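Colleague: Here it is, the structure, as structure tokens.
The values are calculated or read from the model by the stated rules, or taken from the named source; none is laboratory data. These numbers were taken from a predicted model, which means no experiment stands behind them. All Cβ positions, glycine included, derive from the backbone under ideal geometry; neighbour counts span all protein chains shown. Heads up: the accessible areas ignore ligands, DNA and RNA and are worked out on the full protein's heavy atoms, side chains in. Shrake-Rupley method; radii C 1.70, N 1.55, O 1.52, S 1.80 Å.
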Amino acid sequence: MSAVFPTVREVLALDPVRHGAPRVVAGDAALDRPVRWVHVAEVPDIATLLGGGELVLTTGIGLPGDDAGLRAFIGDLADVGVSGLVVELGRRYVSGVPRVMVAAAERRGLPLVELRRATPFVRITEAVHALIVDAQLTELRATEEIHQRFNDLSVEGADAAEVIRQAAELSGCPVVLENLSRQVLGYDPAGESAELLLDGWEQHSRRIRPAGRTAYDLDSGWLVTVVGARGQDWGRLLLRWPASGESPITRASEPTADAGPPTRLTILIERAASTLALGRLIRRDAEGLERQIHRTLLTALLDHSRPVDEVALRAKALGVVLDRRHLVGVMVRHRAEDPVGEGGPEAGQARLRDLSEAVGQALREAKLTALTSAVDDNSVGVLLALPDPAAEDRALSAFASALRRVRLDAGTGRATSGAEVSRAASGTDVPRSVFGADASRPASGAEAARLTAGADPSRGAGAAPGAVIVAAGSGVGNLREARRSLVEARQIAEAARRDRRDLPIFRLPHVGLAGLLHLLRDEPRLQTFVERELGALLEYDARHPREQLLDTLRAYLEQGRNKTAGAAAAHLSRPAFYERLARIARILDVDLDSVEASLSLHVALLALDAVRTP
């Protein structure tokens, strides 16, 4: 029942009721029941006319005269779910209600209240009904505010952090957004301790198992809804109730723990989830329309936002011929993310602009024809247009060597090119091409080792804070396949961040299974696979933190299913190790002696590690 209704306790505190000198004689533990309506009754069979949630007022003149009849009267009211019974003394009962009524009400947990002074019932009904209507109007206004707030957020294209912040502000409750693998994507503690909120989150989240897409988990106190659109769920939004203190959403009476959150919170969390899902579908370019126009051609290929024939035509107008060319997607990015708190967003944009300038200058020096532009907040994309496949390796080596030279010559990482190249690479003009036919000489081994570090030669490979990764996708023979090469390059660059090797260019063969899973870690289908394979075991470990059967399974699989070696790796006796394996097999309902089943579990473990690793 909605928390907009006053409780029995609040009704007893109203002036017209206090005038009657109320005294609770039974059921005081249930005084926080909400009162949906007030009903005056003077007949014993009134229960058949009630729907539950009513506060019944009576003088008792029509009640049964025998004990059995009084017990039945109380039982009928309790069965139908009334909130309480108020008896005015003086007409039927003078000194107090009969003991049998008190005993029956106490046994059924029904609040029974005596009014020791005559009170016009109409004043009580008017006061309570006015309170209910007032609270319902407050509820309606709050609901309208929720809809308006999230409509505005959708139109503005607000990011996930802002949506979560607004949900926490409107509810006064902590809000957490997680992916399907129970990893936190965003949160707002609503003034509480973030450390306490997120401590052991994954295990805690796995214990939160509400029934339905939007439901309240009474055991954990979290209201949960699924986030997704078009049949593709990718996360959960959770709101903890009750929150400490009063908030705009909880001004009405506080419900009891078993009543669950008010309806407004359910509306709020569902609207927030819808806004998050919509924002993911129509992700707004944070740099605005002008910068988006500057990146039109490459982003059109990546996003399928324009027909490839149109892209080819526009590129040709820029002097970049993409038809009947061998195309190679390349991504260049810094190995490390921007240091948090150093310079803010402007510093990150300047860092990316410097890298864009360096890439543009390197293409000019290597005399390569290409489209180039920043394609996201971290990466500069390049689409090389080569005369034939045989030129691929030489062109990539020439680009890598030139990029290293440009970055070393700049010292601070800023290219020393002229104004035209600077404007093109920084995004103040339409993405520009760099012309030329022949590639310069390939980089030497020493140069290549220093290239990805972007370092002064005296500092050694990988030492510089401005180290960059150059990743190339597979070459393709037409523009319709260019997106695959660009996406592949982006994925390789992302996976290469975990690779400590100093390679001049990262290609697909350099990315093993662990790297492949890492670059797919945000894919909901991979997270769903992990949950399907390991979810039951992860939930078991969350309930039994001392056992951690996942580590046992890891030891068994990493030792090639050799139980003796696995027991040693897990620091367990063989009987204990065997017993744990049997328990794992029962929990997951798999045959651990099956090569196929073990392979699937091992891949799921590697995927889980990838999801958990930023």
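Colleague: Rolling a 1.4 Å sphere over the protein heavy atoms, what is the accessible area per residue of region 1-61, to the nearest Å²? Don't skip to the end; give the middle numbers.
Modeller: Numbers: 2680 Å² over 61 residues.
That works out to 44 Å² per residue.
Colleague: May I pose another question? Strictly greater than 18 Å: what percent of every Cα pair in region 470-614 meets that?
Modeller: Cα-Cα pairs of region 470-614 separated by over 18 Å account for 63 percent.
Colleague: Same structure again: Could you tell me, in Å, what Rg and Dmax come out for the Cα atoms of region 94-236?
Modeller: 22.9, 68
Colleague: Could you please put E310, E579 in sequence from largest to smallest accessible area, using a 1.4 Å probe? Before the final figure, lay out each step's value.
Modeller: Values: E310 55, E579 80 Å².
From most exposed to least exposed: E579, E310.
Colleague: How much length is gained if the chain between R612 and A568 is pulled fully straight, taking 0.36 nm per residue apart and subtracting their Cα-Cα distance, in nm to one decimal? Provide the component values of the computation, followed by the final result.
Modeller: Values: separation 44, 0.36 × 44 = 15.84 nm, distance 2.59 nm.
That works out to 13.2 nm of additional length.
Colleague: Might you work out the accessible area of V380 for me, using a 1.4 Å probe with all protein chains in place, and round it to the nearest 10 Å²?
Modeller: Accessible area of V380: about 0 Å².
Colleague: Using every Cα-Cα pair within region 1-60, state what percent have a distance larger than 17 Å.
Modeller: Values: 785 of 1770 pairs.
Summing the P(r) of region 1-60 above 17 Å gives 44 percent of all pairs.
Colleague: Which percent of the accessible area of region 138-212 is formed by carbon and sulfur heavy atoms (probe 1.4 angstrom)?
Modeller: On the way: 1760 of 3540 Å².
About 50 percent, which is the carbon plus sulfur part of the accessible surface.
Colleague: Over region 519-614, what percent of the accessible surface lies on carbon and sulfur atoms, probe 1.4 Å? Please report the intermediate quantities before stating the final value.
Modeller: On the way: 2510 of 4950 Å².
Carbon and sulfur atoms account for 51 percent of the accessible area of region 519-614.
Colleague: Which whole-Hz ³J(HN,Hα) couplings does region 199-216 yield from phi under the Karplus relation 6.51 cos²θ - 1.76 cosθ + 1.60, θ = phi - 60°, glycine and proline marked x?
Modeller: Karplus values, whole Hz, x for Gly and Pro: 4, x, 4, 4, 5, 4, 4, 5, 7, 8, 10, x, 9, x, 5, 10, 7, 9.
Colleague: Next question, about the same structure. Give me the net charge of H544's neighbourhood, meaning all other residues with Cβ under 13 Å from the Cβ of H544; Lys, Arg count +1, Asp, Glu -1. Before the final figure, lay out the partial values.
Modeller: Values: positive: R206, R207, R543, R546, R580, R583; negative: E539, D541, E547, D551.
Neighbourhood net charge equals +2.
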